[in-house]
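Participant: Below you will find the structure I want to go over with you.
The values are calculated or read from the model by the stated rules, or taken from the named source; none is laboratory data. Everything numeric in this text was worked out from a predicted model, so none of it was measured. Quick reminder, even Gly has a Cβ in these numbers, built from the backbone with ideal geometry, and neighbours come from all protein chains shown. Calculation scope for accessible area: heavy atoms of the full protein, side chains included, ligands and nucleic acids excluded. Shrake-Rupley method; radii C 1.70, N 1.55, O 1.52, S 1.80 Å.
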Amino acid sequence: MSSFVVALDVGGTSMKGGLVTRSGEILRTDRRTTPRDRGPAAVIATIRSFIDDLAAAGGGTPEGVGLAVPGLVTAEAALYSANIGWRDIPATDLVPLDVPVMLGHDVRTGGLAESVLGAGRELSDFLFLPIGTGIAGATILHGEPYGGSAGWGGEIGHIPVFPEGEPCACGQIGCLETYASASAVARRYSTRATAALGSPASSLALPSSGTSPVAVSATAEQVAALTASGDPLATEIWGEAVEALSLALATYTLLLDPSAIVLGGGLAEAGTLLSDPLAERLRQRLAFRQAPPLRQAALGVSAGMLGAALLGWRAAGLPDAGTTWSLDVLKSPRVA
Ligand SMILES: [Zn+2]
């Protein structure tokens, strides 16, 4: 039996776990529901039993455990998560085994995986930008994610892009996330389309939802498809998301001079529908320097689990874990 680490990516709705060997072979992946509605103690108990079950499936004691968790995190403790509701949880409380353990912030751990194994493999400095329900960023400096002085770094989703704009759930006004997250695109289209239903000039391509005769409920994927087909309202909402992103990325580029921007998350699955106009707007905004190229993330939803595996091996005393791994293992159907 080859030696392995247990890797866990703890999200607000589900947890992805894996067993990864020293050479990067993925022996097993699995998934559990995060029982967030039953409180932080239930989440911790689920994490512990998930780790126990994965270790048992590996047929031996893991060399280490790596965990990617949301919120404010150090390598030794999960300090705070509004999402899960925990405070000051030592890493050792999350792991039922007496083995080395390392924690990482969820997005930064995904960024570490993209840096070592994925789209940033040969890059030193880049931004990893997953655009999903929210928008967060992992600033990669010299190949490593940088979380700032206290761990609050990377909150690019809450950069104010339209200071006179719409309120954000965070309490600020005009945040990037309010315009350009996948949920914002869906919400903004649905709100405007619903309002247009009352207008006699309405010519909506999307029918109203079944649950209410007077409300449109579109997903970001539907807004993307409508944009691709030339629907005027979808095109406008999509264009505003691109505009907001171009403002935030111009700021990031001028401040940190990244060699690339790696787009991930649900909205990036729109591919060139997002990246082509965004690259163009970013190029137009920057006058005296070249815009960094935009790239598609390589590891998809497995980035967090793979980054956690790197942390697990680092905890076990292999600081260069991943640098010699074959990329073939990452194409395994287990990872997809
Ligand atoms: Zn905000």
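Participant: Looking at this structure, is Thr191 within 16 Å of the ligand (Cβ to nearest atom) and of a type in the set (S, T, N, Q)?
Facilitator: no
Participant: Determine whether Gly300 is surrounded by fewer than 19 Cβ atoms within 10 Å (Cβ to Cβ) and at pLDDT below 95.
Facilitator: Numbers: surrounded by fewer than 19 Cβ atoms within 10 Å (Cβ to Cβ): yes; at pLDDT below 95: yes.
So Gly300 fits the description; yes.
Participant: Moving on. If the requirement is being open to solvent by less than 10 Å² (accessible area, probe 1.4 Å) and under 16 Å from Ala303 (Cβ atoms), which of these qualifies: Gly143, Gly134, Gly120?
Facilitator: Gly120
Participant: Please verify whether Gly12 is touching a residue at least 24 places away in the same chain (Cβ under 8 Å) and farther than 14 Å from Asp106 by Cβ, treating the condition exactly as stated. Step through it out loud before you land on a result.
Facilitator: Values: touching a residue at least 24 places away in the same chain (Cβ under 8 Å): yes; farther than 14 Å from Asp106 by Cβ: no.
No, not satisfied.
Participant: Which strands (runs of 3 or more DSSP E) does segment 106-177 wholly contain that include 2 or more residues that are aromatic (Phe, Trp, Tyr)?
Facilitator: 126-130
Participant: Of the residues in segment 211-239, how many are outside any loop (DSSP other than H, G, I, E, B) and buried (at least 18 other Cβ atoms within 10 Å of the Cβ)?
Facilitator: Result for segment 211-239: 10.
Participant: Now for a separate question. Name the pairs whose Cβ atoms lie under 8 Å apart, with the first residue in segment 58-70 and without any contact (Cβ under 8 Å) to a residue 40 or more places away in the chain, the second among the aliphatic types (A, V, I, L, M), and 6 or more positions between them or separate chains?
Facilitator: Taking only residues 6 or more apart or on different chains, the pairs are Thr61/Ala55; Thr61/Leu97; Thr61/Val99.
Participant: If you take the residues in segment 156-173 that are more than 10 Å from the ligand (Cβ to nearest atom) and surrounded by fewer than 12 Cβ atoms within 10 Å (Cβ to Cβ), which one is nearest to Leu247 (Cα to Cα)?
Facilitator: Here the residue is Pro163.
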